[in-house]
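> Would you mind keeping the following structure in view while I ask a few things?
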Amino acid sequence: MDVFEGKSWISGKGLNHVCIGVEDGKISSVKKILKGDTHTNFHGVLLPGAFDMHVHFRDPGYPHKEDWKSGSESAAAGGVTAVVDMPNTNPFTTDLETFRAKESTAASKSVVDFGLGVNVDQDLTKQTWFDTIPAAFWKLYPYGISSDDFFSYANEVLDKTKKPLVIHCEHPDHMHNNTLNQLSDHTQNRLIAEPECLASMPSSPYLHVAHLSTFEGLNRVPKLATSEVCPHHLLLNLDNCKSIDCKVDPPLRTRKDNTELYDAFRSGKISILSSDHAPHTVEEKRSDNPPSGLPGVETMIPLMLNEVSEGRLKLERLVNAMSEAPANRLGLERGKIIEGQTADFMIVDMKKSLPIKLDQLHSRSNWTPFENWSAIFPSQVYRRGELIAEDGEIKQEKGGQNLF
Ligand code: DOR
Ligand code: ZN
């Protein structure tokens, strides 16, 4: 048994000085005193590893933007020990064949554990594998689809599913794409897309709303649904981020939207934090028709830990939103420092706030909207008891497993 001793976040109890025993990748014991084969006295605080249920690792299809190696290393360095990858790769993850191919690529390259989302297409619920495919969830996009199909697919899946339907809720009729002269044109193009979409979504406990971005949308989340918010919709707005590089779907909004979403996140009304890590290269971002998306899996936890250290967010709420809540939502028993759970954790020095520098990041996109923002990066990150990242250096190759 390996023993880790120091101040640890124990769910329901807060920060306590304890010994954590790790055996075969699991937490085998949490006690005041423990004797093991190895004994590590750590400095700082030990928190559960984060579970980011919304990333785009671009593999297969766009390895110049990211692949399972670079994406998962970016995750690991930022304290994220498990991710769910979205299906808009090339080919899309839409059936057993594309699912198995991506699963095998991920298993051969990813340093963090993972799940895969499957794309909602016509006749999804009629497929023979609908009830058995080990997907984390279904994902429905508003691109290239009529609004009739969009809402009828959503209703049909919600009617038949036993796993969450994650929706990108921007109304297909309001996804205008007029030319951008400035970033605010993108926001203007999509002004009512989110609230209009949410107003027409049925209420279901299987519904999960991805990347909430507006105050009006927040008020229209169907009653039984859950939701997530990303750091860029909490911290960035059209005043503090004017570059067209910051084009993202759904778009950045106003300070008021940041504040209202942040209040809902603090209260737990928005239960989950996700990154929507959507890397594109600098060249693509500077082209005439820049794609939407911001990288974020590596900066998500460091930025939010800095929010905690500056008193704007409670540690308890962050830990819940980054670890326990996403795992629970997807039916997994993980995200807590208690006996029997997976030994995924990070050690952080809450006093070590430093500006984010591009050359420390691992994503192939090679840019960040958060350059020079203060952040607290984990000093060590453990996946199933193994050290995978230390002070930004990756310590393991691959080893990630499908959690579903
Ligand atoms: O900005 C976005 N980028 N929003 C999405 O929904 C997709 C993503 C991407 O894949 O680039
Ligand atoms: Zn996304």
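> Expressed in whole Å with the largest first, what are the equivalent ellipsoid semi-axes of the range 327-394 derived from the C-alpha gyration tensor as the square root of 5 times each eigenvalue?
Calculated on Cα positions only, the semi-axes equal 27, 14, 13 Å.
> Hey, another quick one. Within 10 Å of each candidate Cβ there may be at most 16 other Cβ atoms; applying that plus a DSSP loop requirement, which GluC sites (Glu not before Pro) in the range 267-322 survive?
Answer in residue order: E310.
> Could you give me the radius of gyration and the Dmax of the range 284-358, taking only the C-alpha atoms into account and expressing both in angstrom?
16.1, 53
> Continuing with this model, one more query. Would you work out which of A375, Q360, A75 lies farthest towards the positive end of the dipole of the chain? Charges go on Cβ: Lys and Arg +1, Asp and Glu -1.
After comparing all options, I get A375.
> Moving on. For E386 paired with K352, estimate the spin-label separation in nm (one decimal), with each label point 7 Å from Cα along the Cα-to-Cβ line.
Result: 2.3 nm between the two label points.
> Another question, if that's okay. How high is the relative contact order of the range 19-166, in percent, counting Cα pairs under 8 Å that sit 6 or more residues apart?
So the answer I get is 17 percent.
> Based on the Cβ-Cβ distance from N178 to T38, what FRET efficiency comes out when R0 is 51 Å, to the nearest 0.05?
After rounding, the FRET efficiency stands at 0.25.
> What is the spin-label model distance, in nm, from D123 to Q360 if the labels are put 7 Å beyond Cα along the C-beta direction?
Spacing of the two 7 Å Cα→Cβ label points: 5.2 nm.
> At q = 0.09, 0.14, 0.22 Å⁻¹, what log₁₀ I(q)/I(0) does a Debye calculation on the Cα points of the range 1-130 give, no solvent, two decimals?
Log-scaled intensity ratios, in q order: -0.39, -0.74, -1.17.
> Could you work out the percent of alpha carbon pairs in the chain separated by over 37 Å, rounded to a whole number?
When every Cα pair of the chain is considered, 17 percent fall beyond 37 Å.
> Dividing the Cα radius of gyration by the Kirkwood radius, what Rg/Rh value follows for the range 192-253?
On the Cα set of the range 192-253, Rg over Rh gives 1.01.
> Given 37 °C and 0.692 mPa s, how large is the Stokes-Einstein diffusion coefficient of the range 133-282 in µm²/s, with Rh as the Kirkwood radius over Cα pairs?
Calculated translational D: 209 µm²/s.
> Would you kindly calculate the translational diffusion coefficient of the range 39-108, applying Stokes-Einstein with the Kirkwood radius from alpha carbon pairs, for 4 °C and a viscosity of 1.567 mPa s, and quote it in µm² s⁻¹ without decimals?
After rounding, the answer is 97 µm²/s.
> Right, here's the next one. Only four residue types carry charge here, +1 at the Cβ of Lys and Arg and -1 at the Cβ of Asp and Glu. Report the dipole size of the chain about the Cα centre in Debye, rounded to the nearest 20.
1060
> In whole Å, how far is the Cα centre of the range 371-404 from that of the range 195-259?
Distance between centres, Cα-based: 28 Å.
> Now for a different question. How charged is the neighbourhood of G340? Take every other residue with its Cβ under 15 Å from the Cβ of G340, and add Lys/Arg as +1 and Asp/Glu as -1.
Overall, the nearby charge balance is -1.
> With 21 Å as the cut-off, how large is the P(r) tail for the range 1-75, expressed as percent of Cα-Cα pairs?
The answer is 46 percent, as a whole percent.
> Mind checking the dipole of the range 272-404: about its Cα centre, +1 per Lys or Arg Cβ, -1 per Asp or Glu Cβ, Debye to the nearest 20?
Result for the range 272-404 is approximately 240 debye, rounded to the nearest 20.
> Now for a separate question. Which of the peptides 104-110, 377-383 is most tightly packed, and how do the rest follow, judged by the mean count of other Cβ atoms within 10 Å per residue?
Top to bottom by mean Cβ count within 10 Å: 377-383, 104-110.
> To the nearest 500 deg cm²/dmol, what mean residue ellipticity at 222 nm is calculated for the chain from DSSP H runs of n ≥ 4 alone, each contributing -39,500 (n - 2.57), summed and divided by the residues?
It comes out at -6500 deg cm²/dmol, rounded to the nearest 500.
> A follow-up question, please. Principal axes first, then extents: for the Cα atoms of the range 200-324, list largest minus smallest coordinate on each axis, whole Å, largest first.
If we take the Cα atoms of the range 200-324, the spans are 41, 39, 25 Å.
> Amide H of V112 versus every other amide H placed in the peptide plane: which residues, excluding those fewer than 5 positions away on the same chain, fall under 5 Å?
Distant-sequence amide H within range of V112: G400.
> Moving on. Based on the mean of other Cβ atoms within 10 Å per residue, sort peptides 268-278, 69-79, 199-209 so the most packed one is first.
69-79, 268-278, 199-209
> Can you give the convex hull volume of the alpha carbon atoms of the range 236-302 per residue, in Å³?
About 93 Å³ per residue, rounded to a whole number.
> Treating only the Cα positions of the range 68-128 as identical point scatterers, give the base-10 log of I(q)/I(0) from the Debye formula at each q in 0.16 Å⁻¹.
Here the Debye-derived log intensity ratios amount to -0.53.
> Quick one: angle between helix 300-309 and the longest Cα principal axis of the chain, in degrees between 0 and 90, rounded to 10, please.
Here the helix axis deviates by roughly 60 degrees.
> Lys/Arg Cβ at +1, Asp/Glu Cβ at -1, dipole of the chain taken about the Cα centre: which of N88, I272, Q122 is farthest positive-ward?
I272
We did not get these values from a lab; they are worked out from the coordinates using the rules stated. Quantities reported herein were computed from a predicted structural model and do not represent experimental measurements. Cβ atoms come from the backbone with ideal geometry, glycine included; neighbour counts cover every protein chain shown.
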